[in-house]
Amino acid sequence: MNTFQDSVTTAFFLITSFDPLLASIVLRSLAVSALACVLASSVGLLLGAWLGVARFAGRGVVLAFLNTALALPSVVVGLVIYLLLSRSGPLGFLGWLFSFQAMVLAQSVLVLPIVTALVRQSIEDADRLHGEQLQSLGAGIGWRGMVLLWDERYALLTVLIAAFGRAISEVGAVMVVGGNIDGFTRVMTTAIALETSKGDLPLALALGVLLLLVVLLLNVLIALIRRWREAREARGAWLTEMPTDVLIAKAGQC
Amino acid sequence: MSSANPLTVAADVLFQLNAVGVQFGRVHALVACTLAIGRGERVALVGANGSGKSTLLRHLHGLVPASSGQMLRPVAARQAMLFQRPYMLRTSVQNNVAIGLWLGGMPWRAAREQALAALERVGLAELAERSGKTLSGGQQQRLALARAWALKPQVLLLDEPTASLDPAAKSEVEALMAEFADAGMTLIFSSHNLGQVKRLASRVLYLEHGHVLADAPVQSFFGGTLPPAAAQFLKGELG
């Protein structure tokens with residue numbers, strides 16, 4: 001209990017003192033995970049949307065592999081990326097091993113199946129309900145997927161949170177490919193692992209509390225976006241989408 | 001309103017179905033359906049739930065393929081379809097109409113302009129900036145009609161367009177359907193509302209378990225001799 005109280009106190013102290021070392025670790029963690037999410041999402045959203053609407057031979061097998069990839073152990077991903085990026089590996093010429101880029105790559109690989117699988121499910125459900133109507137308007141598979149992706153954009157924010165949560169909380173992959181080098185590749189999870197191994201449990205727990213706070217802040221932000229969207233829909237106002245001439249005319253009436 | 005099947009000239013035929021069957025797994029949704037639908041007709045599809053009305057409409061619109069038989073389209077005609085519960089995208093009413101035109105290849109700006117004209121046509125122009133999701137059921141169906149009308153179809157297929165609407169909304173939608181038909185559009189619609197069928201249709205098809213059991217001009221359907229199953233359906237619905 002004392003350890004937990006100490007950790008909360010330490011976390012509070014670390015936050016309020018704006019410790020530059022801690023700030024650099026937090027910022028690096030956010031940067032790696034955010035970049036990995038952006039990369040994985042740019043592929044996963046499109047791939048998931050396509051898988052949601054397309055029907056082809058062997059689709060079941062593809063989905064089975066995709067769902068299996070949801071349980072990819074992060075250490076295994078780290079090991080595979082390590083082998084690819086090691087000097088004798090096929091991507092060794094990049095010189096990325098034990099670098100920021102390697103961590104981003106590893107987290108992107110880890111998060112890609114999550115984004116793809118969850119988007120696929122969401123788009124497939126939407127397509128079951130509305131796909132025929134879009135088809136009747138002349139939308140082929142590609143446009144159907146894109147329109148549904150756009151229409152489900154708020155629901156898909158949850159997918160992105162899940163992906164970010166997975167990325168920022170994993171430790172195995174970034175430890176293997178990043179090497180936990182102080183000031184270069186140390187992120188929150190690897191710092192927690194290090195402090196735990198050193199026996200500094202309050203600091204390790206404090207970092208854990210900070211990690212949770214970061215995710216909590218993100219969730220609050222998403223909730224606010226959702227609430228704003230609901231309020232906007234309820235109000236029924238779409239001023240931002242109005243043509244300029246209508247806006248001018250409306251302004252003239254005031 | 002034309003009272004007889006006007007298919008004396010082959011050029012008037014828009015859809016020619018020859019023993020068309022549609023099967024979903026083990027379910028025979030449409031069985032050996034043979035019929036012709038001509039330009040300018042107002043065809044009502046009636047029958048109990050699961051009788052094959054929606055499947056026939058979806059097949060005519062090319063959404064479900066035939067498992068057997070074939071459909072011929074002697075004349076190419078633009079067509080649009082209206083569903084019982086229209087899909088409203090999370091965007092403005094105007095954009096909801098424009099999206100149909102844009103998907104058809106029209107530039108977005110022109111699509112939005114044309115969408116506004118379509119909304120004026122159905123009396124929804126003043127709601128153009130509202131979110132489509134916030135409209136009432138009747139308004140959403142009128143929006144869907146605008147979306148269909150904007151495509152300038154020669155054939156309009158409607159799957160129970162007024163089901164679950166209140167009487168006022170029903171008559172608004174019906175009035176628009178009648179206006180479209182008077183302008184020369186071919187209407188093919190399914191309905192459980194026999195009053196509506198009497199008011200709007202020139203010809204009635206009665207379906208049961210995927211079979212077309214009766215095909216008659218509207219006066220004959222409601223006043224003439226029908227096959228026993230159709231007569232019993234009519235008696236049940238009217239009684």
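Here are some notes:
- Complete set of residues in region B:117-145 that are assigned to a loop (DSSP other than H, G, I, E, B), within 24 Å of the chain's Cα centre (by Cα), of a type in the set (A, V, I, L, M) and over 19 Å from B:ALA163 (Cα atoms): B:LEU124
- Set A:GLY208, A:GLY236: member being touching a helix residue (DSSP H, G or I) at 6+ places or on another chain (Cβ under 9 Å), modelled with pLDDT under 80 and of a type in the set (Gly, Ala, Ser): A:GLY236
- So B:GLN70, is it surrounded by fewer than 18 Cβ atoms within 10 Å (Cβ to Cβ) and part of a strand (DSSP E or B): yes
- For A:ALA155, the criteria (1) free of Cβ contacts under 8 Å to residues at least 24 places away in the same chain; (2) of a type in the set (Gly, Ala, Ser); (3) within 14 Å of another protein chain (Cβ to nearest Cβ); (4) more than 30 Å from B:LEU156 (Cα to Cα) hold in every case but one, which is (1).
- Check on B:VAL197, within 18 Å of B:LYS53 (Cβ to Cβ) and either part of a helix (DSSP H, G or I) or in contact with a Lys or Arg (Cβ under 9 Å, 6 or more places away or on another chain) (or both): yes
- Qualifying positions in region B:212-228 - over 20 Å from B:LEU56 (Cα atoms) and in a helix (DSSP H, G or I): B:GLN219, B:SER220, B:PHE222, B:GLY223, B:PRO228
- Filtered residues of region B:73-100 (kept if aliphatic (A, V, I, L, M) and within 19 Å of the chain's Cα centre (by Cα)): B:VAL75, B:ALA76, B:ALA77, B:ALA80, B:MET81, B:LEU82, B:MET88, B:VAL97
- Under the condition of being closer than 14 Å to A:LEU105 by Cα and in a helix (DSSP H, G or I), the residues counted in region A:167-208 number 9.
- A:LEU35 vs. criteria closer than 27 Å to A:LEU213 by Cα and either touching a Lys or Arg at 6+ places or on another chain (Cβ under 8 Å) or in a helix (DSSP H, G or I) (or both): yes
- Pairs, first facing chain A (nearest Cβ under 8 Å) in region B:92-110, second among the acidic types (Asp, Glu) and in a helix (DSSP H, G or I), C-beta under 7 Å, six or more apart: B:SER92/A:GLU241; B:ASN95/A:GLU241
- Among the criteria (1) touching an Asp or Glu at 6+ places or on another chain (Cβ under 7 Å); (2) within 14 Å of another protein chain (Cβ to nearest Cβ); (3) surrounded by fewer than 22 Cβ atoms within 10 Å (Cβ to Cβ); (4) under 29 Å from B:LEU194 (Cα atoms), the one B:ARG85 does not fulfil is (1).
- Options A:PHE100, A:PHE56; residue that is surrounded by fewer than 13 Cβ atoms within 10 Å (Cβ to Cβ) and among the aromatic types (Phe, Trp, Tyr): A:PHE56
- Residue in region B:143-157 that is within 14 Å of chain A (Cβ to nearest Cβ) and within 18 Å of B:VAL46 (Cα to Cα) present: yes
- Any hit, region A:174-182, residues being out of contact with any Pro (no Cβ under 8 Å at 6 or more places or on another chain) and within 14 Å of another protein chain (Cβ to nearest Cβ): no
- Here the condition is being surrounded by fewer than 16 Cβ atoms within 10 Å (Cβ to Cβ) and aliphatic (A, V, I, L, M); of A:ILE168, A:ILE225, A:ILE123, it holds for A:ILE225 alone.
The values are calculated or read from the model by the stated rules, or taken from the named source; none is laboratory data. The model shown is predicted, which means the values in this text are computed figures rather than measured ones. Positions of Cβ are generated from backbone atoms using ideal geometry, with glycine treated the same way; all protein chains shown enter the neighbour counts.
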